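What follows is a set of notes on a single structure, which appears directly below.
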Amino acid sequence: MGSDFYQLYILPFAGIIIKICRAYTNNQEDFEDYYQEVCLQIWRSRDNFNQECEWPTWIYRISLNVCLTYLKRRKSGAKEIISNSLPDEAIDDSKAFASDEINQLYSAIKHLSETDRAIILLYLEEKSYLEIAEIIGSNTNNIGVRIKRIKDRLNKYINQKD
Amino acid sequence: MTKSIERMWKDGFVNEANLTAPKINDLYNRKSQNIVDKMQNMFAINIKAIIIGSFIMLIMMSLIGAPFLGLYICCLLLPLISIAKRELKKSFNLSKGQSSYEYLMSFDNWLKSSIEAYSSYYKVFYPLFFLGMATQGIVSNAGGELISLLMKMFPTDILILGLPYYLIAAIAIVTLIMAKYADVLYRWDLNIVYGRQFKKLEELITDMKTLRN
């Protein structure tokens, strides 16, 4: 496989992957690892893409599923952990994006559970409740309620910081 | 704070093209860190290790004058290869393009059925392995000397298959203990390596299930 696949099918949608990976990582090194893993899995899953959904939706799905089940090594190298399940880990990429507001928002998003992060990211990306329910695999009715709760929590975190 | 989070998002990513993708290094030869791939690798390595291990056992046992035990262990290991191959094949049906819930559920189901398949076999494997070793021990010269010594120290008229009853009883008890705890041992071993990930997956699935109800 040449780099054509990356250039043609992944790079134009890199924004989606970046936004998702940033929500599941706490530092640049992890972010780059997650990004590469997502790209690798998109490439590996390309034959399973059956055009039942749009290509960007497929990228959302893979990105989220990879972030939810990514194994990363702790710095000690002793054990692997799944996703960023270390609540006490320092969030040190507060300058990841150019906009301070976005950094602030991401900092708040990282306080949410893995599932809630996925939901709010899709919501902020202006996906409909139906699309979010399809990507996550949930009930459309519950998405609205959950989003309301997540937004309240995010606002609370952001206001506390202000 | 007056700005809504939706507005913050929109304004922050007003020019999405400015997002810089990290440099990609040797992407397509990269070693995957995904749990499914890791488990697949583990099964693939298991298959190779079992095949190599079987041959080594056969050669070693033949060299120390116990070719039948070597052959016996090889036969015990063969079903493990078949289980690992079957489970590995099943894992390739796990598509990462499913919805998150379906993906996590199919992974969880595959994992549970794999653990069940392995642990069921280990319940048979460990006791039979021990019995094979014990039998070889008994028929060996050193084993014969040990039995003579035992008979001198603890003489008895009750012999089963020409062996003192307590020796048979001890072997039977150890075999039963192995059969009873093989499953626990296997799961304990697996939990040491992947326990944290399994717990995390369980939490994720529980959370997603609440969203479906």
Selection from the range A:27-51 of residues over 18 Å from B:T20 (Cβ atoms) and either modelled with pLDDT under 90 or surrounded by fewer than 21 Cβ atoms within 10 Å (Cβ to Cβ) (or both) yields A:W43, A:R44, A:S45, A:R46, A:D47, A:N48, A:F49, A:N50, A:Q51
Being β-branched (V, I, T) and either over 22 Å from A:K95 (Cβ atoms) or at the interface with chain A (Cβ under 7 Å from one of its Cβ atoms) (or both) is the filter here; which residues of the range B:1-26 pass it? B:T2, B:I5, B:I24
If B:N29 meets every condition in (1) free of Cβ contacts under 8 Å to residues at least 40 places away in the same chain; (2) more than 11 Å from chain A (Cβ to nearest Cβ) apart from one, which number is that one? (2)
Residue pairs meeting the criteria (Cβ under 7 Å; at least 6 apart or on separate chains; first over 11 Å from A:Y60 (Cα atoms), in the range A:11-34; second of a type in the set (K, R) and assigned to a helix (DSSP H, G or I)): A:A23/A:R117; A:Y24/A:R117; A:F31/A:R22
Those residues that are at the interface with chain B (Cβ under 7 Å from one of its Cβ atoms) and aromatic (F, W, Y), I need them from the range A:33-67; list them, please. A:Y35, A:W43, A:F49, A:W58
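The rows are residues; the columns are (1) under 30 Å from A:N141 (Cβ atoms); (2) in contact (Cβ under 8 Å) with a residue 12 or more places away in the chain; (3) in a loop (DSSP other than H, G, I, E, B).
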| position | (1), (2), (3) |
| --- | --- |
| B:Y166 | no, yes, no |
| B:A170 | no, no, no |
| B:L176 | no, yes, no |
| B:V184 | no, no, no |
| B:L201 | yes, yes, no |
How about the range A:145-162: which of its residues are surrounded by fewer than 14 Cβ atoms within 10 Å (Cβ to Cβ) and either in contact with a helix residue (DSSP H, G or I) (Cβ under 8 Å, 6 or more places away or on another chain) or closer than 25 Å to A:T69 by Cα (or both)? A:R149, A:K161
Quick check on B:I35: is it away from chain A (no Cβ under 14 Å) and either within 15 Å of the chain's Cα centre (by Cα) or within 27 Å of A:L11 (Cβ to Cβ) (or both)? no
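The values are calculated or read from the model by the stated rules, or taken from the named source; none is laboratory data. As the structure is a computational prediction, the values presented were derived from the model and not from experiment. Cβ coordinates were reconstructed from backbone atoms using ideal geometry, including for glycine residues, and neighbour counts include every protein chain displayed.
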